[in-house]
Structure formats: structure tokens, C-alpha cells
1. In nm, to one decimal, how far is the D89 label point from the R106 one, both placed 7 Å along Cα→Cβ?
2. Expressed as a rounded percentage, what relative contact order does the stretch 5-152 have, with Cα pairs under 8 Å and six or more residues apart?
3. If you take the square roots of the eigenvalues of the alpha-carbon gyration tensor of the stretch 70-152 and sort them as a ≥ b ≥ c, do you get rounded (a/c under 1.5), prolate (a/b over b/c) or oblate?
4. Hey, if you drop one equal point scatterer on each alpha-carbon of the stretch 103-145 and run the Debye formula without solvent, what base-10 log of I(q)/I(0) do you get at q = 0.18 Å⁻¹?
5. If each residue's Cβ is checked for other Cβ atoms within 10 Å, how do L13, L74 rank with the fewest at the top?
6. Could you work out the relative contact order of the stretch 101-145? I mean the mean sequence separation of Cα pairs under 8 Å and 6+ apart, divided by the number of residues, in percent.
7. Counting Lys and Arg as +1 and Asp and Glu as -1, each charge on the Cβ, what is the dipole of the stretch 6-155 about the Cα centre in debye, to the nearest 20?
8. Taking a cut-off of 24 Å, what percent of all Cα-Cα pairs in the stretch 4-104 are separated by more than that?
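What follows is calculated from the coordinates using simple rules that are stated; it is not laboratory data. Bear in mind that the values here come from a model prediction, so they are computed numbers and not experimental data. Counting neighbours? That spans all protein chains shown, and the Cβs are built from the backbone with ideal geometry, glycine included.
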Amino acid sequence: MIKGIDTTFLVQLELRETDGHERAQRFLERELLAEGHTLAIAPQVLEEFIHVSTDPRRFERPLSMTEALDKTDLWWRASEVQQVLPSPDAFALFVEWMRGLRLGRRRIHDTFLAATLVTAGISEIVTSDREGFEAFAGLRVSDPLAWSGRDPAGR
């Protein structure tokens, strides 16, 4: 199965100081990769990752711009990743959702990401921002912080 990746999950994976870092790591290894899922990443996720992960107001030890760019390049080129680009249909769905759901400016990024994934045939997103994505028809949320999977050793 192909599962879309949101910025919150990527930040949790790549910055150790985030809440949920270890759980996100386990979810990636034991739920996504071990089960053979493909990870779908849109360029707007990587753009937001660079913006968030380099912000010294959010993190005690933010990434340098070079580190953030290196990490985004690795994710974009990873063999487990399917690159998902926005399409004209994605933009039309984005506008429809913004109007129909009466969303404001703070919902632009998540709405466009959801529309990009749904129009690419991806029906699930991995994110800890459940509220940011639950309203979108055709997109199921998988929250790594709510995941209760255990490894064979019971951890």
C-alpha cells in the first residue's frame, strides 16, 4: 500500500528533540517499512520540512540549512518513496475543499497536500496532525503517536 507522509511525521523522524521521535522511528521501521509500504512524498512536504526543521524558535537544536537540504534530498530519492506531484485536478479539488469546507488561510498547506494525495490515488496519510486532515473525503489518517504496535520482544 502507498501511504502519504506529512511534514509532522518527517520532523518527528529527523529531529530527536521532538515529542514522539522514538515512536515515529518505531512506526517507520515496524509498521511502514517492515510491512513493505511505499511512502508517498509531495514536494510541498519537503519544502515545509526545511522551513520547520531549521527554525531556532521551534527547536533548541534546529537543523542547519545544509542538513535540512541533505535530508530532504535523501527522502526525495529514497527507493521506498514515490514522488507525488500536484496536478491540475489536485488544485481544483483544493479550491473545492477550501470553499466547501469554509477553510481559512491556516488550512491552505494541509488542504493542498490532501488534495495532491487523493488525486494521486493515495487514501492514507501518516501524520500526528489528525485534526488537519480528518475533514477530507477519501483520506484516512494514520497517527504514529497513537500507534500501539509492538515488536516481537514486547517493546
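1. 3.2
2. Numbers: 182 pairs, mean separation 38.1, N = 148.
Relative contact order here is 26 percent.
3. Oblate, because a/c is 1.5 or more while a/b does not exceed b/c.
4. Here log10 of I(q) over I(0) equals -0.45.
5. Working: L13 20, L74 11.
Ordered from fewest to most neighbouring Cβ atoms within 10 Å, L13, L74 come out as L74, L13.
6. Numbers: 43 pairs, mean separation 16.0, N = 45.
36 percent.
7. Charge dipole, the stretch 6-155, about its Cα centre: 340 debye, nearest 20.
8. Value for the stretch 4-104: 32 percent of Cα pairs lie more than 24 Å apart.
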